[in-house]
Amino acid sequence: MSHTAKKSTSWKEATERSNSFTLKLICWIALNIGRPTARIILYPITAYFFVTSPKVIRASKNYFKRLGRLKNRPGFPFVTVVKHIHHFSATILDRVYFLTDQHDKFKIKIYGKDILDQYMVKSKGGILLGSHHGSFEVLRSLAVKNSRVKLKILMYREHNQMITRVFDELNPDVAKTVINLANNDALLQMQQAIDEGYFVGMLGDRVTEGERKTDCILLGDKVNFPAGPMLMASILKVPVVLFYGLYQGGNRYDLYFELLTEGLSIERKNREQEVQIWTQKYASRLEYYILKSPYNWFNFYDFWNDENK
């Protein structure tokens, strides 16, 4: 297997760094003692990952070095990586509250909601394309709460099975919105959902083994992105709306929606080139939000293949 193939699948091969008892204990503390007290445990969790997860630390360091070069600031303080992990831990903890319909604990600002509303009014479905930058749970828990927002989620349930199972128990209604990409009829389920007026949410920044990919530039370097989202959008002729749920510290989240395209029409002879162009547009908007909220980058693996350069 080539280095590129290793890099593109390393996120899927990563093992979970917790156990069922610990996760359930965190959920119990969160739900029975309250968020202010529960947030105190984020510090030992952050320290635990810092001590026991060298690959996570190395990925974070390489990411911030890349940001530093881009901004002509070659160095970064030690606390940067600690803050990065703490941000990620905070969003995991907050999933407990989002899944148990405790949105009143948070100040959530929504930008571009009218973009989504115009399709909901017409019962027209499409693709909601996000990334591992920020919290996905903000979006899908709000969708479950708001019956007007018809949402399904396309994801691999097999990755991080333990945390997925524990969180599914918190809110079975959210679990029912998932279309498992591992199922043979996943794409058929997706098309049926869109035909019924649902938006199908997916994350478009990680390539799985055997998946078609395209080269894009992100933060100054070439990286593989999956071609699937744009290929699906072109086949189904549906709108693609970008979304980002950015954690801003404390109890603050900013949720952004942007229209990428009303619908793709790609000729077969130019398919590869046009898929690359549209995927690069997605990558460019992702870069914009990375620079806007750098601590929300949650791809804790060798995303740019830095270890082999």
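The values are calculated or read from the model by the stated rules, or taken from the named source; none is laboratory data. Small disclaimer: the values here were computed from a predicted structure and weren't measured. Because the Cβ atoms are built from the backbone with ideal geometry, glycine has one as well, and the counts that use them run over all protein chains shown.
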**Q.** Failed condition for Ile217, given (1) buried (at least 20 other Cβ atoms within 10 Å of the Cβ); (2) modelled with pLDDT of 95 or more; (3) among the aliphatic types (A, V, I, L, M)
**A.** (1)
Q: Go over the candidates Glu272, Glu209 one by one and state the one that is in contact (Cβ under 8 Å) with a residue 60 or more places away in the chain, surrounded by fewer than 18 Cβ atoms within 10 Å (Cβ to Cβ), over 18 Å from the mean Cα position of the chain (by Cα) and outside any strand (DSSP E or B).
A: Glu209
Q: Working carefully through the options Leu99, Leu93, find the one that is crowded, with 16+ Cβ neighbours inside 10 Å, touching a residue at least 60 places away in the same chain (Cβ under 8 Å) and closer than 21 Å to Thr46 by Cα.
A: Leu93
Q: Can you tell me which residue among Leu264, Leu286 is without any contact (Cβ under 8 Å) to a residue 60 or more places away in the chain and either closer than 21 Å to Tyr244 by Cα or buried (at least 16 other Cβ atoms within 10 Å of the Cβ) (or both)?
A: Leu264
**Q.** Hits in region 174-196 (condition: surrounded by 14 or more Cβ atoms within 10 Å (Cβ to Cβ) and closer than 18 Å to Thr164 by Cα)
**A.** Val174, Ala175, Thr177, Val178, Ile179, Asn180, Leu181
Q. Is there a residue being in contact with an Asp or Glu (Cβ under 7 Å, 6 or more places away or on another chain), modelled with pLDDT under 95 and not in a helix (DSSP H, G or I) anywhere in region 181-193?
A. yes
Q: Taking Leu67 as the residue in question, decide whether it is on the phi < 0 side of the Ramachandran plot, in contact with a helix residue (DSSP H, G or I) (Cβ under 8 Å, 6 or more places away or on another chain), surrounded by 16 or more Cβ atoms within 10 Å (Cβ to Cβ) and at pLDDT 90 or above.
A: yes
Q: Tell me, please, whether a residue that is in contact with a helix residue (DSSP H, G or I) (Cβ under 8 Å, 6 or more places away or on another chain) and on the phi > 0 side of the Ramachandran plot can be found in region 225-235.
A: no
**Q.** Identity of the residue in region 220-239, touching a Phe, Trp or Tyr at 6+ places or on another chain (Cβ under 6 Å) and in a strand (DSSP E or B), that ends up surrounded by the most Cβ atoms within 10 Å (Cβ to Cβ)
**A.** Val223
Q) Which one of these does Ile127 not meet: (1) surrounded by fewer than 17 Cβ atoms within 10 Å (Cβ to Cβ); (2) touching a residue at least 24 places away in the same chain (Cβ under 8 Å)? A) (1)
Q: Would you be able to say whether some residue in region 92-114 is of a type in the set (S, T, N, Q) and modelled with pLDDT of 90 or more?
A: no
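Every residue, every condition in (1) at pLDDT 85 or above; (2) loosely packed, with under 12 Cβ neighbours inside 10 Å; (3) assigned to a helix (DSSP H, G or I); (4) not aromatic (Phe, Trp, Tyr), yes or no:
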position	(1), (2), (3), (4)
Lys6	no, no, yes, yes
Thr9	no, no, yes, yes
Glu16	no, no, no, yes
Phe21	no, yes, yes, no
Arg39	yes, no, yes, yes
Ile45	no, no, yes, yes
Q | Of residues in region 275-308 being outside any helix (DSSP H, G or I) and touching a strand residue (DSSP E or B) at 6+ places or on another chain (Cβ under 9 Å), the one modelled with the lowest pLDDT | A | Asn305
